[in-house]
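The values are calculated or read from the model by the stated rules, or taken from the named source; none is laboratory data. Fair warning: this is a prediction, and the values are worked out from it, not measured in the lab. Virtual Cβ from ideal backbone geometry, glycine too; neighbours counted across all protein chains shown. Quick note on the areas: whole protein, heavy atoms, side chains included, nothing else; ligands and nucleic acids left out. Shrake-Rupley method; radii C 1.70, N 1.55, O 1.52, S 1.80 Å.
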Amino acid sequence: MLQLQAIRDSKNDFITALTKRNIDGAPLLEKAIELDDKRRETQTKLDKTLAESNALSKEIGMLFKSGKAQEANVLKEKTGILKEDSKVLSDTLTTVEEELQSLLYQIPNIPHSSVPAGNTDEDNEEVFSEGTVPELVSNALPHWELAKKYDIIDFELGVKITGAGFPVYKGKGARLQRALIAYFLDKNTEAGYTEIQVPHLVNEASGYGTGQLPDKEGQMYHIGEDDLYLIPTAEIPVTNLFRGEILKEQQFPICYTAYTPCFRREAGSYGAHVRGLNRLHQFDKVEIVRVEHPSKSFEALDGMVEHVKNILRELKLPYRILRLCGGDLGFTSALTYDFEVFSTAQDRWLEISSVSNFEAYQSNRLKLRYKDENGKSQLAHTLNGSSLALPRVLAGILENYQVEDGIEIPEVLVPYCGFSKID
RNA sequence: GGAGAAAUGGCAGAGUGGUCGAAUGCGGCAGUCUUGAAAACUGUUGAGGGUCACACCUCCGGGGGUUCGAAUCCCUCUUUCUCCGCCA
């Protein structure tokens, strides 16, 4: 959520920046300022009415104490009118505030200056690539065929017990999953992230805090009976740990990592691109989350990008990094780098990580602040990234590491797996 | 799930209708003292709105109500604790 003061200060810059998202921000921002003006005006009137009423009440109290009941009763009548006025004003205020709030919820974050303009993923900007695409055997298979051939992932069984998009991992497949989770967590811990375990269900307030609500309402599984949401990413519970907190500057940087399953309804997805592990309703992910001082957040973002690079280097997977264009940028993000691994057997890039700086956008919703050197509350910056999303890393490994008689295991994972080949 | 008790500032803990944004203690910060630190002493110390700055307004778990006036009374929801039941 954007800050009103920032909108007032930089309205024109914001409008220009929002065109990168193909959004005409002018009417939205102007409406927000207008509503805020109305809010202030109403608040001032209400405050005055209440002040008057408070003063009278005090007077009445004193009159009663000194036995002047009659005078008191005269004043009582006055307060009756004030009460009616304040009721009207406070109703107006509530309406205006709600209107303003829901308007602000509709305005996405302002893209960072480096974000390229554009509509679709075609317009994303490749900023880095590394690793060599392996020469595969002539009869190379896509991962869903490999999964069947070596009996390590069973999609049909998942359909039987739950539905499409809920695979069952078996034997060495299951073990490889566990190995990846442990490996990622270890790498993150080494890099200074504190490992935590968080609930996989969150309440509505958390959904609003990180911005999945109301924007992505239909994408989350919702448990109506208890009004809880299955998390689509660990970002929600981890970032919301800091909802409503006021930090001390010396607490920065805050770095957390968590493994969780992620649940996504993926309404509207279909076709070959969602085959196999490419798009699932339930998948595993290891996430990194940071809470930073505003002056350090972009430095932190670069650090996170380097960190993810290191992991992919160790896994020896060919990958590239994209800077997302305005049209592809998430609602709450100011700058996002996507990591894509090249899946040789499918001959396409698969997104495996997304690393973003939300600046103060989430913090403003979360009311996540810190005290600056003057003792004033300021909004902190939040960031997060996947390190990494399991299914597509698994797809990349299966496809790129396949040989004539099986699938080799990346060297760094062998100690975690306890085997060096799936056959 | 049943019965009872409770929810107050960073923490502990007073406060049962007006003088309470809230005693006191601890903690935090600043200062005096000290070579330095500790101790002691002095001052200061919740959040939000609003203002050039004051004033002023709101907030004592959330929501609603009674009253001229609510931390205090009533209703409701949530959470926590104790006892019973169930249970990985």
Next item on the list: Residue by residue through the range A:347-362, note down the ones that are open to solvent by less than 10 Å² (accessible area, probe 1.4 Å) and not in a strand (DSSP E or B).
Entry: A:361, A:362
Check: Got at least one residue in the range A:221-243 being over 29 Å from residue A:306 (Cα atoms), of a type in the set (Asp, Glu) and in contact with a Leu (Cβ under 7 Å, 6 or more places away or on another chain)?
Finding: no
Check: Conditions: (1) farther than 30 Å from residue A:101 by Cα; (2) open to solvent by 40 Å² or more (accessible area, probe 1.4 Å); (3) within 8 Å of RNA strand B (Cβ to nearest atom); (4) not hydrophobic (A, V, I, L, M, F, W, C). Residue A:66 meets all but one. Number of the miss?
Finding: (3)
Notebook entry, point to check: In the range A:371-417, which residue that is without any contact (Cβ under 8 Å) to a residue 12 or more places away in the chain and closer than 30 Å to residue A:245 by Cα is surrounded by the most Cβ atoms within 10 Å (Cβ to Cβ)?
Noted result: A:376
Next item on the list: Check the range A:138-159 and report whether any residue there is within 30 Å of residue A:2 (Cβ to Cβ) and touching a residue at least 60 places away in the same chain (Cβ under 8 Å).
Entry: no
Check: Within the range A:221-246, can you find the residues that are over 17 Å from residue A:384 (Cβ atoms) and either of a type outside the set (D, E, K, R) or more than 14 Å from RNA strand B (Cβ to nearest atom) (or both)?
Finding: A:221, A:222, A:223, A:224, A:228, A:229, A:230, A:244, A:246
Item checked: Residue in the range A:149-165 that is farthest from residue A:279 (Cα to Cα), counting only those that are under 31 Å from the mean Cα position of the chain (by Cα) and open to solvent by 40 Å² or more (accessible area, probe 1.4 Å) -> A:161
Checklist line | Residue check, residue A:239 open to solvent by less than 10 Å² (accessible area, probe 1.4 Å), part of a strand (DSSP E or B) and not small (Gly, Ala, Ser) | finding: no
Check: Is it the case that some residue within the range A:197-215 is of a type outside the set (A, V, I, L, M, F, W, C) and in contact with a Cys (Cβ under 8 Å, 6 or more places away or on another chain)?
Finding: no
Next item on the list: Could you please find all residues in the range A:352-388 being of a type in the set (Asp, Glu) and within 13 Å of RNA strand B (Cβ to nearest atom)?
Entry: A:372, A:373
Item checked: Only listed residue being more than 20 Å from the chain's Cα centre (by Cα), among the aliphatic types (A, V, I, L, M), at pLDDT 95 or above and within 25 Å of residue A:253 (Cα to Cα), chosen from A:317, A:312 -> A:312
Notebook entry, point to check: Are any residues in the range A:242-260 open to solvent by 50 Å² or more (accessible area, probe 1.4 Å) and either in a strand (DSSP E or B) or of a type outside the set (S, T, N, Q) (or both), and if so, which ones?
Noted result: A:243, A:245, A:246, A:248, A:249, A:253, A:256, A:259
Notebook entry, point to check: Within the bounds of the range A:29-51, is there any residue that is loosely packed, with under 15 Cβ neighbours inside 10 Å, near RNA strand B (Cβ under 8 Å from one of its atoms) and either modelled with pLDDT of 95 or more or of a type in the set (Val, Ile, Thr) (or both)?
Noted result: yes
Next item on the list: For residue A:266, indicate whether it is surrounded by 22 or more Cβ atoms within 10 Å (Cβ to Cβ), within 20 Å of residue A:332 (Cα to Cα) and not aliphatic (A, V, I, L, M).
Entry: no
Item checked: helices (runs of 4 or more DSSP H) contained entirely in the range A:127-215, each with at least 2 residues that are among the aliphatic types (A, V, I, L, M) -> A:143-149, A:155-161, A:172-190
Next item on the list: Give the residues of the range A:77-90 that are within 7 Å of RNA strand B (Cβ to nearest atom) and loosely packed, with under 12 Cβ neighbours inside 10 Å, sorted by residue number.
Entry: A:80
Check: If residue A:1 passes every condition in (1) within 13 Å of RNA strand B (Cβ to nearest atom); (2) part of a helix (DSSP H, G or I); (3) in contact (Cβ under 8 Å) with a residue 40 or more places away in the chain but one, which one does it miss?
Finding: (2)
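Yes or no, residue by residue, for (1) of a type in the set (Gly, Ala, Ser); (2) open to solvent by less than 30 Å² (accessible area, probe 1.4 Å); (3) under 24 Å from residue A:125 (Cβ atoms):
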position	(1), (2), (3)
A:319	no, yes, yes
A:332	no, yes, yes
A:338	no, yes, yes
A:345	yes, no, no
A:364	no, yes, no
Checklist line | Filter result (without any contact (Cβ under 8 Å) to a residue 24 or more places away in the chain and more than 22 Å from the chain's Cα centre (by Cα)) within the range A:179-215 | finding: A:186, A:190
Item checked: Search result, residues across the range A:54-63 that are small (Gly, Ala, Ser), open to solvent by less than 60 Å² (accessible area, probe 1.4 Å) and near RNA strand B (Cβ under 6 Å from one of its atoms) -> A:61
Note to self: So, in the range A:91-129, how many residues would count as being closer than 25 Å to residue A:364 by Cβ, touching a helix residue (DSSP H, G or I) at 6+ places or on another chain (Cβ under 7 Å) and open to solvent by less than 40 Å² (accessible area, probe 1.4 Å)?
What the structure shows: 11
